[in-house]
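Participant: Supplied in structure tokens, the structure appears directly below.
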Amino acid sequence: MPLHGVCKNIMSARQKEHGYGTSQNPDRFQQQDYLQLKRFLLTQNKLFRDETFPPDQRSIGQGKLEPAELAQVQWLRPRDILMSNPFFILDGVSRFDFGQGQVGNCWFLASLGALTFHKEIFKLIVPLDQTCVGKDYCGLFHFRFWRFGKWVDVVIDDKLPTIKRKPIFARSKDEREFWPALLEKAYAKVCGSYADMTSGTPAEAMRDFTGGVHMCIQLSDPSPDLWKLLCRAGRSRTFMSCSTIPKTETTSGDRLPNGLVPGHAYTVTGLKQLQSQETEVNLVRLWNPWGHGEWNGDWSDKSPLWRSVSTKDREKCLTVENDGEFWMSLEDCCRYYTNIEICGMRPDFLDEEPACHWKTSMYENRWVAGTTAGGYINHKETFWTNPQYRIKVCGKTDSSQTRNTLVSLMQKSDKRNRRLAQLFFIGFIIFEVSEKDEKRAGKFPASFFSSHRPVAQTRKLMKSREVTEFLTLKPGEYVIVPCTNEPNQTASFLLTIFSREETRCYENSGHNLNNPVEKAKKEKNCQDVEKKMLLFRQYSDKYEEVDAELLQQLLKGDLISGSFSIDACRSMVALMDESGDGKLDSQEFGYLWHKVMKYKRVFAKMDVSQTGTLSLTELRNALRDSGMSISDELLNLMVVRHGASSGHMTLENFISLSLRLSRMNKIFTELSDGRNVTLSRSEWLFLSMYT
């Protein structure tokens, strides 16, 4: 049975606290443990078959192969493809080891080409102690990827889709080598299928290979220091790629007259500054993941410009082969490519000071329709409901021109299959917090944002997996608001803040309950007390107690608005029942009645629209007015559990959830040591089954 959603979230948070999900201690993708599986298979002398990514049409996906081709597909292990001893890795790894197959994933293979330059990162992604033959072989392989804030270990079997014994997708130039095809299969499993790898940007895979810093440089208006930045990136452990201008109506064929492929991803494999006669020329070396097809303009393999450089430079740089790799000038690169993507394990390449150490803060959260999906800043009434993050920049900034903070916002779809993921236009806005607002607890309201101007923001909202901005923030306190373009767009996101200076960051939604445990106050009005007791005696049994059914009749007769379900009344009795007999005596009823009347007054006060229900904004205000400040995550959960399908909250549901929130917090306070609660299994079951 799958884990309960809330339980899964709690376990994930705890695992992260204890170091799970790091590159050295990755999480298990789909709960598959490589070492346990391997021990079992070797003991049983069996070959692995992965039922979570089965060797059939479901794993190929839709739209990649014609029905006639699908009928010919055979899933074969390397030893059955080759009919002799296959190799996992043969004579090291190189970008020239492989070529693209029948899935449009040049973006992934361009990143794979970049990966081959970084041996330490390659060993992290591709554990080298794996083999296609021998006593340790059991048809089981594993690879590691960074996925939305954590590293995962992905297990696969080695059955590959083939037609006429030839792999359909990524294939090695040397048919005896299989690491490219197996790595591609593991990534296809993460995406949902091979077809789900169609179309993308190299930045997506580069990020999943490093888990580090991503920067996209638009080449339509390049910075004067572009070459310096590229050289710093080249010296660091970074991946670089670029993409050509997409195909237009006037473009015919797969290639342009200059040899480039429109809308195609290329790997940056080298940078070189040469002396051409008396002029310095900045050259970029690029590689086509097809493994063939090259640029034929200036500085291409057969360009006469190579005769203008020294023999030494020419022999060192130039290789005349149709291997997909070529040189071109930085100016031509900016002319024919749309952007350069840079991704590194650390943000070292951003800084000209090699001794600089960047600090990282990472937060996972969700935009949820009706509660925390407030849209862009032009939606003045709802923008403030977006998640908010406070950041305090300490230290000294050398000048107003020094960029000291990089903010990354990545959206994560809830869909299992990548092709079904709906990407929204996303971005973030940063506001400075003045001294008088620094002590404010909880979210800043709409009035704060209407009276403050942003000090930084994404240049434009983008419909992409990730947006980043490199910013200058002077010492002080700020609030960062990640948002979608429109309200009520539900998605998960990951916010990462890299800082040169010492910073303190935290979520601003109000994780702690502010004095939520309230003691029943003595009613000063004797008439109110007498009315309450008269009502209680009217409905109580001969023992002067009310059970859930009697309570339902009582509430229905007095609250006017609708009625409480019998389950809601049972829950109320359980929450207030101190004797555990399933009934409320006059004192317990008095405490319940006091709370019910209080929440009824709060409901009426906060129902400014006078619809008889609370919108999600009104709900948050109502809880705050009741003395309870809650996090966005808890608010989202409460709406799912207690709200109507419209996203609004009725009086009955508001009273039920407020009682539960207040009571459960009191139980925690009574049982905890100040931080945690420890329960035996029987205690846990006793508590959870009767609250």
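Participant: Just to be sure, is Glu588 touching a residue at least 40 places away in the same chain (Cβ under 8 Å), surrounded by 13 or more Cβ atoms within 10 Å (Cβ to Cβ) and either among the acidic types (Asp, Glu) or closer than 24 Å to Ser626 by Cα (or both)?
Facilitator: no
Participant: What number goes with the only condition from (1) over 23 Å from Ala233 (Cβ atoms); (2) hydroxyl-bearing (Ser, Thr, Tyr); (3) touching a strand residue (DSSP E or B) at 6+ places or on another chain (Cβ under 9 Å); (4) surrounded by fewer than 17 Cβ atoms within 10 Å (Cβ to Cβ) that Ser303 does not pass?
Facilitator: (4)
Participant: Starting from residues that are touching a residue at least 24 places away in the same chain (Cβ under 8 Å) and of a type in the set (A, V, I, L, M), keep the ones in segment 421-434 and report whichever is surrounded by the most Cβ atoms within 10 Å (Cβ to Cβ).
Facilitator: Within segment 421-434, the match that is surrounded by the most Cβ atoms within 10 Å (Cβ to Cβ) is Ile426.
Participant: Please verify whether Ala110 is among the small types (Gly, Ala, Ser), in contact with a Ser or Thr (Cβ under 8 Å, 6 or more places away or on another chain) and under 26 Å from Asn417 (Cβ atoms), treating the condition exactly as stated.
Facilitator: yes
Participant: If a residue has to be hydrophobic (A, V, I, L, M, F, W, C), under 29 Å from Met206 (Cβ atoms) and not in a strand (DSSP E or B) to count, how many in segment 74-101 make the cut?
Facilitator: 5
Participant: Which of the residues spanning segment 102-156 are of a type in the set (Lys, Arg) and either under 23 Å from the mean Cα position of the chain (by Cα) or assigned to a helix (DSSP H, G or I) (or both)?
Facilitator: Within segment 102-156, the first condition is being of a type in the set (Lys, Arg), and the residues that meet it are 119, 123, 135, 144, 147, 150.
Selection gives Lys119, Lys123, Arg144, Arg147, Lys150.
Participant: Among the residues of segment 435-487, write down those that are of a type in the set (Lys, Arg) and surrounded by fewer than 18 Cβ atoms within 10 Å (Cβ to Cβ).
Facilitator: Matches in segment 435-487: Lys436, Lys439, Arg440, Arg453, Arg459, Lys460, Lys463, Lys474.
Participant: Whether any residue in segment 310-317 is of a type outside the set (Val, Ile, Thr), closer than 25 Å to His118 by Cβ, without any contact (Cβ under 8 Å) to a residue 40 or more places away in the chain and in contact with a Phe, Trp or Tyr (Cβ under 9 Å, 6 or more places away or on another chain) is what I want to check.
Facilitator: First pass over segment 310-317, keeping only residues of a type outside the set (Val, Ile, Thr): 310, 312-317.
The next check asks that each one be closer than 25 Å to His118 by Cβ; those that pass are 316-317.
Among the residues that remain, those that are also without any contact (Cβ under 8 Å) to a residue 40 or more places away in the chain are: 316.
If we keep only those that are in contact with a Phe, Trp or Tyr (Cβ under 9 Å, 6 or more places away or on another chain) as well, we get none.
No: segment 310-317 contains no residue that is of a type outside the set (Val, Ile, Thr), closer than 25 Å to His118 by Cβ, without any contact (Cβ under 8 Å) to a residue 40 or more places away in the chain and in contact with a Phe, Trp or Tyr (Cβ under 9 Å, 6 or more places away or on another chain).
Participant: Scan segment 534-547 and report the pairs whose first residue is in a loop (DSSP other than H, G, I, E, B) and whose second residue is of a type in the set (Ser, Thr, Tyr), with Cβ atoms within less than 9 Å and a gap of 6+ or a chain change.
Facilitator: Note: pairs meeting the criteria are Ser540/Ser586; Glu544/Ser586; Glu545/Ser586.
Participant: Among the numbered conditions (1) modelled with pLDDT of 85 or more; (2) of a type in the set (Val, Ile, Thr); (3) surrounded by 13 or more Cβ atoms within 10 Å (Cβ to Cβ), tell me where Val517 comes up short.
Facilitator: Of everything listed in (1) modelled with pLDDT of 85 or more; (2) of a type in the set (Val, Ile, Thr); (3) surrounded by 13 or more Cβ atoms within 10 Å (Cβ to Cβ), Val517 misses just condition (1).
Participant: If a residue must be part of a helix (DSSP H, G or I) and without any contact (Cβ under 8 Å) to a residue 24 or more places away in the chain, how many such residues does segment 36-51 contain?
Facilitator: Total meeting the criteria: 5.
Participant: Being out of contact with any strand residue (DSSP E or B) (no Cβ under 9 Å at 6 or more places or on another chain) and not β-branched (Val, Ile, Thr) is the filter here, so list the residues in segment 315-333 that pass it.
Facilitator: Listed by number, the residues that qualify are Glu315, Glu321, Asn322.
Participant: Considering only residues that are more than 18 Å from the chain's Cα centre (by Cα) and assigned to a strand (DSSP E or B), look in segment 465-498 and name the one that is farthest from Val433 (Cα to Cα).
Facilitator: Phe470
Participant: Scanning segment 624-664 for residues that are in contact with a Pro (Cβ under 9 Å, 6 or more places away or on another chain) and more than 26 Å from Ala13 (Cα to Cα), which turns out modelled with the highest pLDDT?
Facilitator: This residue is Ser626.
Participant: Give the residue that is modelled with the highest pLDDT, with candidates limited to residues of segment 554-572 that are part of a loop (DSSP other than H, G, I, E, B) and aliphatic (A, V, I, L, M). Break it down stepwise before answering.
Facilitator: Start the filter on segment 554-572 by keeping residues that are part of a loop (DSSP other than H, G, I, E, B), which leaves 559-565.
Next cut, aliphatic (A, V, I, L, M) only: 559-560.
Numbers: Leu559: 60, Ile560: 51.
Selected residue: Leu559.
Participant: A further question follows. I'd like the full set of residues that are part of a helix (DSSP H, G or I), closer than 30 Å to Val281 by Cβ and either hydrophobic (A, V, I, L, M, F, W, C) or touching a helix residue (DSSP H, G or I) at 6+ places or on another chain (Cβ under 6 Å) (or both), limited to segment 188-241.
Facilitator: Matches in segment 188-241: Pro202, Ala203, Met206, Leu226, Trp227, Leu229, Leu230, Cys231, Arg232, Ala233.
Participant: Something else about it: Among the listed residues Ser241, Ser193, Ser172, identify the single one that is closer than 20 Å to Val268 by Cβ and touching a residue at least 40 places away in the same chain (Cβ under 8 Å).
Facilitator: None of the others qualify; the one that does is Ser241.
The values are calculated or read from the model by the stated rules, or taken from the named source; none is laboratory data. This is a predicted model, so every value here is computed, not measured. Backbone-built Cβ (ideal geometry, glycine too); neighbour counts: all protein chains shown.
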